[in-house]
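Novice: The structure under discussion is supplied below as structure tokens; questions concerning it will follow.
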Amino acid sequence: MVSNVIDFYNDKTIFITGGTGFLGICLIEKLLRSIPDIKNIYLLLRPKKGKQIDERLEDFKKNSVFDRLKEENKIELLKKLIPVAGDIGEENLGLSSSDRLTLVEEVQIVFHSAATLDFEADLKTNININLLGTRRVVQLCQEIRDLKALVHISSAYVNSTLCEVQEYLYPAPYDVNELFELEEKLDNITLETKKQHIIKDHPNSYTFTKHLAEHEVKNGGISAAIVRPSMIIGSWKEPIPGWTISKNGPQGFLMGASKGVVRRLPVAKELIYDYIPVDIVVNNIIIAAYAVNQDRKKELKVYHCTSSTCNPFKWNFIESKINNYLHTYPLQSAVWYPHLKFLSSIFLFKISAIFVHLIPAYILDTVTKLAGGRPILVRLHTNINNSLNRLEKFIFTEWKFYNTRTIELHNSLSDHDKNLFNLDIKPLIWEDYFVNLTQGVRTYLNKESPKTLAKARFKNKILLVAHVGLQFALLGLIWWLIKTIFASTWTKTGFIIPFTYFLFDQF
């Protein structure tokens, strides 16, 4: 059966920035597996940790995302990946003259995914990577002789100052030329002192600079589209259900919860959280480039790759099930019996964290240090607590990102292309999805094979006995202390057991 999308991509050469990230690597896998007649894929890579780009590419090819290619005997397709030395944060993308000329002459499609996602990064860094980096990519695209499409991967949260967002370009939050003048004139410390005045209602420098970057694409005068994903989470179907290498969002706390070291989570259970599986985002990016080429008007299109208005997720959907997921797919490496509880505010979380996170972390880190290991739990929980103020807006705000244009894009495809490059998230069942994600976190983040599941379940039973035993011991100790302090009897102070259990259960 003929695929119009595959026909468009056949014999095309692609240039990708951010190809080694969670989204980028999944995009590359999908392109190679589903469109094997692509000519080449150039990856912008920079030397890192003493490794040159050829070494980094070889390490890249070992990623678990390519396991399906190996199973389908398509591993030879990885030879289509060509590393190009460069850096999104350098002038001219850090490209040599010869490499730039190669890209200008050979490339037809550009996917720009590179960005700094660090909410702690200063404004100067965000300007250089997210904003100037996009300008540098647009400048390259203006030189490319046979450019069919640039797809710029933005974020649904670039308009986080609004609670309801449509698929169009909103006015720039700041004059970009004035911003560049400030960035050049002021040192890092001085610029940070002026940051809040500059970014105004934006929650951080990331959303602010990514918003401005969209205008760089618009002003570039090239054939382009913008894809705005919300919080990208593990895969729904491809390449493997539940696959992830990202520790952000749900997969990150599932990783810690399955170890037994993350036991509380601040969430608003009744709010809609906009999560989108990575394979849906990948398909949207691929189809967006195809749509740009099909559009005779060559107007900049914005696509929301989101779930809040078509298949909304709330944590109360799975609150009663999540601990069952953790015990059905436990870890051999768990340090304590997993039990995750949701709390409705940062304040309650921080109080609870003292007892269920920090005190146990200090005890376990001390034991680890005495045994010659590397203590990490205190630092982990300290970092979590420190990050909460930066994340509070994202945890306790409900957004609706309307995706009418994305739905229209999906409906415009042939049935064959809909199956190959699905954009429709409505059939996704969130409960089933999180069962797969729990398994994916176990396999790909905690690095535990499904073959170890039987042993992990046996250990989980041992940890349950230890957990219940510790609870009885602590309640007994509290009972004895109250009896002793008030010189009372066991019978008269018996009420303290249910009272203490109820009190601690609130946190």
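The values are calculated or read from the model by the stated rules, or taken from the named source; none is laboratory data. Only a predicted model underlies this, so the values are computations on that prediction, with no experimental measurement involved. All Cβ positions, glycine included, derive from the backbone under ideal geometry; neighbour counts span all protein chains shown. Note: areas computed on protein heavy atoms with side chains; ligands, DNA, RNA excluded. Shrake-Rupley method; radii C 1.70, N 1.55, O 1.52, S 1.80 Å.
Novice: Quick one: go through segment 228-258 and flag any residue whose amide nitrogen is under 15 Å from the point 7 Å out along the Cα-to-Cβ line of LEU271.
Specialist: 231, 249-250
Novice: Given a 1.4 Å probe, how much area per residue of segment 426-507 is accessible, in Å²?
Specialist: 66
Novice: Taking the simple approach of a point 7 Å from Cα along Cα-to-Cβ for both ASN311 and LEU370, what is their distance in nm?
Specialist: Simple spin-label model gives 5.0 nm for this pair.
Novice: From the P(r) of segment 113-213, could you give the percentage of C-alpha pairs in the tail past 19 Å?
Specialist: When all Cα pairs of segment 113-213 are counted, 44 percent exceed 19 Å.
Novice: Once Rh is set to the Kirkwood radius over Cα pairs, what Stokes-Einstein translational diffusion coefficient, in µm²/s, holds for segment 132-288 at a temperature of 10 °C and a viscosity of 1.306 mPa s?
Specialist: 87
Novice: Over segment 451-506, what percent of the accessible surface lies on carbon and sulfur atoms, probe 1.4 Å?
Specialist: Within segment 451-506, the accessible surface is 77 percent carbon and sulfur.
Novice: While we're looking at this one, here's another question. Within 10 Å, count the other beta carbons around each residue, average over each peptide in 484-490, 9-15, and list them highest first.
Specialist: Result, highest mean first: 9-15, 484-490.
Novice: Can I ask one more? Tell me, what is the 1.4 Å probe accessible area of SER258, in Å² to the nearest 10?
Specialist: 10
Novice: Would you kindly calculate the translational diffusion coefficient of the chain, applying Stokes-Einstein with the Kirkwood radius from alpha carbon pairs, for 10 °C and a viscosity of 1.306 mPa s, and quote it in µm² s⁻¹ without decimals?
Specialist: The estimated diffusion coefficient comes to 64 µm²/s.
Novice: Remind me, relative contact order of segment 201-282 in percent, using alpha carbon pairs under 8 angstrom and six or more residues apart?
Specialist: Value for segment 201-282: 34 percent.
Novice: Explain nothing, just the number: dipole magnitude of the chain about its Cα centre with +1 on each Lys and Arg Cβ and -1 on each Asp and Glu Cβ, in debye rounded to the nearest 20.
Specialist: Dipole about the Cα centre, nearest 20: 2060 debye.
Novice: Would you please put 236-249, 170-183 in order of how densely packed they are, using the mean number of other Cβ atoms within 10 angstrom per residue and starting with the highest?
Specialist: Averaged packing, sorted descending, gives the order 236-249, 170-183.
Novice: Would you work out what percent of the accessible area of segment 236-314, with all protein chains in place, is carbon or sulfur (probe 1.4 Å)?
Specialist: Accessible surface attributable to carbon and sulfur in segment 236-314 totals 48 percent.
Novice: Using Cα atoms only, what is the angle between the long axis of helix 205-219 and the major principal axis of the chain, expressed in degrees (0 to 90) to the nearest 10?
Specialist: Once rounded, the angle reads 20 degrees.
Novice: A further question on this structure: Which of the peptides 425-433, 370-378 is most tightly packed, and how do the rest follow, judged by the mean count of other Cβ atoms within 10 Å per residue?
Specialist: With the highest mean Cβ count within 10 Å placed first, the list reads 425-433, 370-378.
Novice: Nearest 500 deg cm²/dmol is fine: what mean residue ellipticity at 222 nm does the chain get from its DSSP H runs of n ≥ 4 alone, each adding -39,500 (n - 2.57), divided by its residue count?
Specialist: Calculated from helices alone, the mean residue ellipticity at 222 nm is -14000 deg cm²/dmol.
Novice: For segment 1-102, report the convex hull volume of the alpha-carbon atoms normalised per residue, in Å³, without decimals.
Specialist: 113
Novice: For segment 181-253, go through all pairs of different Cα atoms, get the mean of 1/r, take its inverse, and jot down that Kirkwood value in Å.
Specialist: Result for segment 181-253 stands at 15.8 Å.
Novice: While we're here: Taking 0.36 nm per intervening residue step and subtracting the Cα-Cα distance, what contour gain separates ILE429 from LYS200 on full extension?
Specialist: Going from the current span to full extension adds 78.6 nm.
Novice: Net charge within 11 Å of VAL356 by Cβ-Cβ distance, Lys/Arg positive one each and Asp/Glu negative one each, not counting VAL356 itself?
Specialist: +3
Novice: Sticking with this one: Tell me the accessible surface of ARG379 in square angstrom (1.4 angstrom probe, heavy atoms of protein chains only), to the nearest ten.
Specialist: Surface open to solvent at ARG379 totals about 120 Å².
Novice: If I fit a long axis through the Cα atoms of helix 133-143 and take the longest principal axis of the Cα atoms of the chain, what angle between them do I get, 0 to 90°, rounded to 10?
Specialist: With rounding to tens, the tilt is 20 degrees.
Novice: Then there's this: Percent of Cα-Cα pairs more than 16 Å apart in segment 268-324, please.
Specialist: Tail of the P(r) past 16 Å holds 58 percent of the pairs.
Novice: Another question, then. Taking the Cα atoms only, what angle lies between the long axis of helix 430-440 and the longest principal axis of the chain, rounded to 10 degrees?
Specialist: For 430-440 against the chain, the angle is about 90 degrees.
Novice: Carbon and sulfur together cover what percent of the accessible area of segment 19-151 at a 1.4 Å probe radius?
Specialist: Solvent-exposed carbon and sulfur of segment 19-151 make up 43 percent of the total.
Novice: Moving on. Kindly list the residues of segment 461-479 that lie in the label zone of TRP490, defined by a backbone N under 18 Å from the point 7 Å along the Cα-to-C-beta vector.
Specialist: Output list for this probe position: 472-479.
Novice: Here's a follow-up. Report the extension gain between LEU101 and GLU319 in nm, rounded to one decimal, defined as 0.36 nm multiplied by the number of residues separating them, less their alpha carbon distance.
Specialist: Taking LEU101 through GLU319 to full extension adds about 73.1 nm, to one decimal.
Novice: Evaluate the distance, in nm, between pseudo-label points positioned 7 Å from the Cα of ASN4 and of ASN188 along their respective Cα→Cβ axes.
Specialist: 5.0
Novice: Percentage of Cα-Cα pair distances in segment 451-506 greater than 12 Å, rounded to whole percent?
Specialist: Tail of P(r) above 12 Å: 71 percent of Cα pairs.
Novice: Of the options ILE485, VAL468, PHE499, report the single residue whose Cα projects farthest towards the positive end of the charge dipole of segment 451-506 (beta-carbon charges: Lys, Arg +1; Asp, Glu -1).
Specialist: So the residue we want is VAL468.
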